[in-house]
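The values are calculated or read from the model by the stated rules, or taken from the named source; none is laboratory data. Owing to the predicted nature of the structure, the values given are computational and were not obtained by experimental measurement. Methodologically, a virtual Cβ is constructed for each residue, glycine included, from the backbone with ideal geometry; neighbour enumeration extends over all protein chains shown.
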Amino acid sequence: MSRAIGAAHGAEAGLTIQVRLFASLREHAGWDARRLALAAGTTPERVWRELGLGGGAIPATVRVAVNQAFASPHQPLAAGDELAFLPPISGG
Amino acid sequence: MAEAHPIPVEVQLHAGPFDPLALLAGGPSNTRTGGWCGALGLEAPAAEAHFIGRVRGTAATGGPLEALELEHYPGMTERQLQGLAQACAARHGVAAVLVAHRVGRARPGEALVLVAVAADRRGPAQRCGGELLEALKHEAPFWKREWSGGLGTWVEGNTPLG
């Protein structure tokens, strides 16, 4: 399988996005934000897999947000998007 | 079709301790009557429902809780709270909503959340308040970490409604 992700500074084409992690996901990964260069049509699901964030596919308990709104893990990302992976919410 | 008038909704995130009763009274700078409703430009409503949630003194493990840390997603959390409150207020036909939520490190006994709803009748006020509280627990990006015995544990999910 060809890789969909490259280092943002080396991108020649495609699109660049920002990925953010919160709470337990951030601590497991050891980082909170990264800029990534992606091939067109890349989805959050594929970003999750290629970043090796755990468990292969996105776990059912993890939610996806694009540009600070809940989104489908299968939605193609666009240039400049802010993609966030959200562990189980516990507010209130 | 008549144009829908936006329902006044105020969302506040507090990085330090806040006094929910002072917020209900309209805050120290409020010179209008009617407390928080007066601050939103409403005459005194016939019905108000209030919920205050505080940090409990016991961790999920049963040990004493030293602190509760609340992480949020700046920007998205406020937008989600505003959207959830607007939708809930419209569904129940209430007059105004105030949501205040703590972020950062809170100690047992400190206020975590305040939901206040003003309406013409007690039914919509209470139903809207209860529904909004459950919605924000599941749909607004907050994450809790309990500190007990010097160790921090992320809380996965919410306490039962009871």
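Against the conditions (1) at pLDDT 95 or above; (2) closer than 28 Å to B:G152 by Cα, B:Q82 satisfies every one except (2).
Please determine whether any residue of the stretch A:31-52 is within 14 Å of another protein chain (Cβ to nearest Cβ), in contact with a strand residue (DSSP E or B) (Cβ under 8 Å, 6 or more places away or on another chain) and under 16 Å from B:R79 (Cα atoms). It would help to see each step written out before you state the result.
Filtering the stretch A:31-52 down to residues within 14 Å of another protein chain (Cβ to nearest Cβ) leaves A:32-33.
Applying the additional criterion that residues be in contact with a strand residue (DSSP E or B) (Cβ under 8 Å, 6 or more places away or on another chain) yields A:32-33.
Applying the additional criterion that residues be under 16 Å from B:R79 (Cα atoms) yields none.
Checked the stretch A:31-52: no residue is within 14 Å of another protein chain (Cβ to nearest Cβ), in contact with a strand residue (DSSP E or B) (Cβ under 8 Å, 6 or more places away or on another chain) and under 16 Å from B:R79 (Cα atoms).
Within the stretch B:112-161, count every residue that is in a helix (DSSP H, G or I) and either in contact with a Cys (Cβ under 6 Å, 6 or more places away or on another chain) or within 14 Å of chain A (Cβ to nearest Cβ) (or both). Walk me through how you get there before you give the answer.
Residues of the stretch B:112-161 that are in a helix (DSSP H, G or I), as a first pass: B:122-139.
Subset that is either in contact with a Cys (Cβ under 6 Å, 6 or more places away or on another chain) or within 14 Å of chain A (Cβ to nearest Cβ) (or both): B:128-139.
Here the count works out to 12.
I'd like to know if the stretch A:12-26 contains one or more residues that are out of contact with any strand residue (DSSP E or B) (no Cβ under 6 Å at 6 or more places or on another chain), modelled with pLDDT of 95 or more and part of a helix (DSSP H, G or I). Yes, there is a match, as at least one residue in the stretch A:12-26 is out of contact with any strand residue (DSSP E or B) (no Cβ under 6 Å at 6 or more places or on another chain), modelled with pLDDT of 95 or more and part of a helix (DSSP H, G or I).
Could you tell me whether A:V66 is in contact with a Leu (Cβ under 7 Å, 6 or more places away or on another chain), within 17 Å of A:R35 (Cα to Cα), away from every other protein chain (no Cβ under 12 Å) and at pLDDT 95 or above?
no
Yes or no, residue by residue, for (1) farther than 30 Å from A:A71 by Cβ; (2) in contact (Cβ under 8 Å) with a residue 60 or more places away in the chain; (3) over 14 Å from the mean Cα position of the chain (by Cα):
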{"site": "B:R56", "(1), (2), (3)": "yes, no, yes"}
{"site": "B:P74", "(1), (2), (3)": "no, no, yes"}
{"site": "B:T77", "(1), (2), (3)": "no, yes, no"}
{"site": "B:Q86", "(1), (2), (3)": "no, yes, no"}
{"site": "B:A116", "(1), (2), (3)": "yes, yes, no"}
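Take the stretch B:108-140 and flag every residue that is β-branched (V, I, T) and closer than 30 Å to B:P64 by Cα. Show your work before the answer.
Initially, the stretch B:108-140 is screened for residues β-branched (V, I, T), giving B:113, B:115, B:117.
The answer is B:V113, B:V115.
Return a yes/no flag: does the stretch B:4-26 have any residue that is within 30 Å of A:N67 (Cα to Cα), within 14 Å of chain A (Cβ to nearest Cβ), surrounded by fewer than 18 Cβ atoms within 10 Å (Cβ to Cβ) and without any contact (Cβ under 8 Å) to a residue 24 or more places away in the chain. No, the stretch B:4-26 has no match at all.
Considering A:A71, A:A33, the condition of being surrounded by fewer than 14 Cβ atoms within 10 Å (Cβ to Cβ) and modelled with pLDDT of 95 or more is satisfied by A:A33 alone. Screening the stretch B:58-109 for residues that are loosely packed, with under 15 Cβ neighbours inside 10 Å and within 28 Å of A:A33 (Cα to Cα) and picking the one that is farthest from the other protein chains (Cβ to nearest Cβ) gives B:P74.
For the subset of the stretch A:72-92 comprising residues that are more than 11 Å from every other protein chain (Cβ to nearest Cβ) and among the small types (G, A, S), which member is nearest to A:S24 (Cα to Cα)? Per the criteria, the residue is A:S72. Residues in the stretch A:16-30 that are more than 10 Å from chain B (Cβ to nearest Cβ) and crowded, with 20+ Cβ neighbours inside 10 Å were compared, and the one that is nearest to A:G91 (Cα to Cα) is A:L21.
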